[in-house]
Each structure stands twice: as structure tokens, then as C-alpha cells.
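Quick notes on the structure that follows.
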Amino acid sequence: MLKEYIKVEAHRKQFAEQERLRNKVLMARFEVALIVLGLLGNFFLLRHVMWRPDAWSRFYALSELLTQDKMPDTKYSLVGPLFSIPFWALDQTNQTYWWTTRYNVFVLGAGLLAIYWLLKDRVDHGLLRKFFLLLIVGSMFSHHLLFYYGEVFTAIFVTVGCVAIVVGPVTIGWCAIILGVVNTPATVIGLILLNAKYILTGKRVRYALVIIIGAALIMLESWIRRGGPLINGYVNDQGRRTILPYSGRPGFSYPIFFGLNSLFFSFGKGLLFFAPGLVLPVRQALRKLQEETKVDLFAIYTLWIGFLAGLLLIYACYWNWHGGWFWGPRYLLFASIPASFALAVRLQKRDGSLLMNLVIMLVLCLSIWVGIDGAVYGDEPLRHICTPPRWYGNEMLCYYAPEFSALWFPFVFYQPLSSGQLIYLLYNVFVGLYLLAPLLITTAQQLITTVRQHNWTRLDLRF
């Protein structure tokens, strides 16, 4: 009788394990499908445009190089645009900008594949899928993918490079980082801090050569295109004088104290609202994951934070710290990487306290709204307020007033949506609820337990 019981119990456990594995596989396929649908949705359903000044300048410079054999002297690097030549060629055949305006969707997709390839044998795939989903539906990438700007290229190449220099191949990782930095020369300060963190951790001083190589390539491009290694194309680059006390000054003349405060806390440009995942503590969670994985995820995360710190230091001093007429903190798109990763880690572990889980839920909801607002609403409704000629008198409203923040203006001004935008909005909401559900169940259980314990203590009349 006992042998029969043991045999039945073994079969039951085996069946339960097979069922668990089957459900895990189905969930993995479902989440991969959501990732693919998110990229395809952004590619096909949303409106991608070329008419923004900086995007058009990059496209025209590339066209000038390829069609007229003329080296353009624009202030923007040609590194990122050169990778888009296949898309430019398709547009030349069709006489459109359709493919080129969608170039950054391919850059993000290729970046996600590269990260997966580097970490697939080292990290829980569930964590990676959550990270990818949040980048697509819960970060500033949703808006940046709509334009032919350079921030996506820099952010993705540096992100992948940081992963590679931790898990290998190191040389390819540094090459990717250098390409990303050369594409946006101001980010060399981020490279310096990232490099310093890597050297201090691994005591490999020879990697300081990376900074020299990056700076040399930046100067080489300036020399070839503009006639001198220090001619960066930003001579006399300054804004108009307005009521703001430090407006109208050139270069990196903005007081860093006010710049940092604005980049963190302003309603229209602040990372607190546009990348809320940065506030989440992840050190202990990543240390626990390190015991379960074959890679030091905390080292990767700190490299990302080091690069972001460099961006904050340099752009907080720039007269155009706000990025001009652009949705959110344009130059700080990279902040979405550590922010989304931190949120993905907290959603994966779900072992925090009740208070922490409530904070994570709030951060997740705000992150999903950032993705929805960036992809579906953007800053177009604010164009009549925040652009010339009104721009020079009202710009502070778009930076600091919550009612005129691109993030909150949809609640003030009704904007009709196209069918594609509505479908993409529903997709974002669905993914947000899907990510929220497990944490919501855990938090509800914690809340019920806390309430019961509280009531029992209050009703205990024993002496």
C-alpha cells in the first residue's frame, strides 16, 4: 500500500512539474509576442515624422554626402546616420522619408536582440522580457522612436556596450560605447565617469585609453568635416533672451544647481516624472540575483548610472539643458535604461515590504503613462504655446508648470486620436495591467495580512 502511495505521489509531482514548465513556456512565448507586437505597433500604427529641425538636418547631411559627394559641415555627428544608409536608400527609391523616420525602431530592436544574446545564458529570461517590455511601453523611448534623432543610437550602443564589457566580448563592448559617444560628443563626460567606474572596479588602468580614443575620433570627425579638431559646429550657439534670468547666454553657462534641479524635478523635463524607476532601490535585489545568475548585474547597472551621471553634469550646465521644443528631457533618454531595468528587477522579485510594493506600483503606473503619452499624445498640442513666436515668452510654462507639461497636458486639452494611436494606447494599457497584476496580488495579500494583524492587536483585551 505504501509503495503504491509513493508511486502515485511521484507521478503527481512529475505531472505538476510538467504543467509548471508548460505554463512557463506559454508565458514566455506570450511575453515575446508582446515585445514583437510593441515594436511592430510603433512601426506601423504611429506617425513618424522627419520635419523636426534636428532630424531634417541629419537627413540632409547624409543626403548631401551620398548624392553630392560633399562633406557636410553640420554640427551633428554622421556616425548614427551612416548606419541608416540602407533605409535612406529605400527612401530614395520611393521618394519618401518612410523608412528613415522608422530607423530608430530598428536600432532599438537590434539593441534588445544584442542584450538578449549577451545575457540569455546568464540571466533569467523573465527578467529580460520585463526589461524589454518596459523599454517599449513604459519609457521615453516610445516618443524618441518617432523621429530621426540621434539619442536612440547613442543610448542603445552605450547600453549594449556596458553589458558586453562586463560579460564579454570586452573589445566589442568598448567599440560600441565609443561609437555611441562619438555620435553625441557631449556624452564624453559620461564616458569618463563610466570608464572611471570600470577601472576602479577591475583595476585595469589600460582601459583609460578608451577615453583618448573616443576624444580622438570626435576631433577627427570635426577635422574632416569642419576643418579643425576643435571646431564642433556650436560656435555662437545660444538661445534668445527671455524673462528667465540665465537665458540668452552661450555654451555651458547655465548654473549647475538650477540645471540639476530642473532636470530632476521640473514638471515638463524632470526625470522624477519621465524616468521614475530611478528612485527605486535595487542594490540588495541585484545582489540576490547575482547569487542566482552567472553575471554581476549590479556592475552593469552602476556603469549605466555612471554614464547617466556624466550626462546630468554636462547638460545641467548647457544653456539648452531642456532640449528646446521636445517632449521631455531630450538629452537624457539614456535614463530610461537604468530606470526600466530597476523597475523590471523589482517586478521580478516582488519580495519587498508593503510600503515598497505600493511605491513600485506607483512607479509602474507612472512609467506606463510616460510610454502612452510619448507614443500617442507627444507635444504636438503644445506647439501653439511653446514654439515661436510665443516660445520666447512662454517657454518657462512648458518646463515648469504642470498644466503645460507635455506629460500632463492631455488631461487639460482634449486631443482626438487616430485609430492607430487608439490601438497602440490599448496595447500599452494591456501590457501595463499584465505587468501590474502579479504585484497587485502580492500587495493585496500583504495588505490583508497587515489589516488582520492590526485588528487583532486592537481587539486583544487580555490582561
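Here are the numbers:
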{"quantity": "Selected residue [part of a helix (DSSP H, G or I), more than 22 Å from the chain's Cα centre (by Cα) and either free of Cβ contacts under 8 Å to residues at least 60 places away in the same chain or under 30 Å from Ser405 (Cα atoms) (or both)] from Gly214, Gly277, Gly248", "calculated": "Gly214"}
{"quantity": "Some residue of region 354-373 being in contact with a strand residue (DSSP E or B) (Cβ under 9 Å, 6 or more places away or on another chain), at pLDDT below 95 and surrounded by fewer than 22 Cβ atoms within 10 Å (Cβ to Cβ)", "calculated": "no"}
{"quantity": "Out of Leu355, Leu435, Leu347, Leu425, sole residue that is without any contact (Cβ under 8 Å) to a residue 40 or more places away in the chain and either closer than 18 Å to Leu278 by Cα or not aromatic (Phe, Trp, Tyr) (or both)", "calculated": "Leu355"}
{"quantity": "Within region 82-107, tally of residues that are in contact with a helix residue (DSSP H, G or I) (Cβ under 6 Å, 6 or more places away or on another chain) and in a helix (DSSP H, G or I)", "calculated": "10"}
{"quantity": "Scope region 68-81; condition touching a helix residue (DSSP H, G or I) at 6+ places or on another chain (Cβ under 8 Å) and either surrounded by fewer than 15 Cβ atoms within 10 Å (Cβ to Cβ) or of a type in the set (Val, Ile, Thr) (or both); matching residues", "calculated": "Lys70, Met71, Asp73, Thr74, Val79"}
{"quantity": "Members of region 406-422 that are under 27 Å from Gly324 (Cβ atoms) and free of Cβ contacts under 8 Å to residues at least 60 places away in the same chain", "calculated": "Phe409, Pro410, Phe411, Val412, Phe413, Tyr414, Gln415, Pro416, Leu417"}
{"quantity": "Residue selected from region 315-329 under the condition crowded, with 20+ Cβ neighbours inside 10 Å and in contact with a Gly (Cβ under 9 Å, 6 or more places away or on another chain), by the criterion farthest from His143 (Cα to Cα)", "calculated": "Ala316"}
{"quantity": "For His125: the one exception among (1) over 25 Å from Val429 (Cα atoms); (2) surrounded by fewer than 22 Cβ atoms within 10 Å (Cβ to Cβ)", "calculated": "(1)"}
{"quantity": "Qualifying residue in region 337-356 (condition: over 30 Å from Trp174 (Cα atoms) and basic (Lys, Arg))", "calculated": "yes"}
{"quantity": "Residue satisfying condition, being of a type outside the set (S, T, N, Q), surrounded by 18 or more Cβ atoms within 10 Å (Cβ to Cβ) and either touching a Phe, Trp or Tyr at 6+ places or on another chain (Cβ under 7 Å) or part of a helix (DSSP H, G or I) (or both), within set Glu64, Glu31", "calculated": "Glu31"}
{"quantity": "Options Ile156, Ile165, Ile177, Ile199; residue that is surrounded by fewer than 24 Cβ atoms within 10 Å (Cβ to Cβ), part of a helix (DSSP H, G or I) and either out of contact with any strand residue (DSSP E or B) (no Cβ under 9 Å at 6 or more places or on another chain) or at pLDDT 95 or above (or both)", "calculated": "Ile199"}
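For (1) of a type in the set (Lys, Arg); (2) closer than 24 Å to His48 by Cβ; (3) at pLDDT below 90; (4) out of contact with any Phe, Trp or Tyr (no Cβ under 8 Å at 6 or more places or on another chain), each residue gets a yes or a no:
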residue: Leu382; (1), (2), (3), (4): no, yes, yes, no
residue: Cys398; (1), (2), (3), (4): no, yes, yes, no
residue: Gly420; (1), (2), (3), (4): no, yes, no, no
residue: Val429; (1), (2), (3), (4): no, yes, no, yes
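The values are calculated or read from the model by the stated rules, or taken from the named source; none is laboratory data. Just so you know, these numbers come straight off a predicted model, no measurement behind them. Methodologically, a virtual Cβ is constructed for each residue, glycine included, from the backbone with ideal geometry; neighbour enumeration extends over all protein chains shown.
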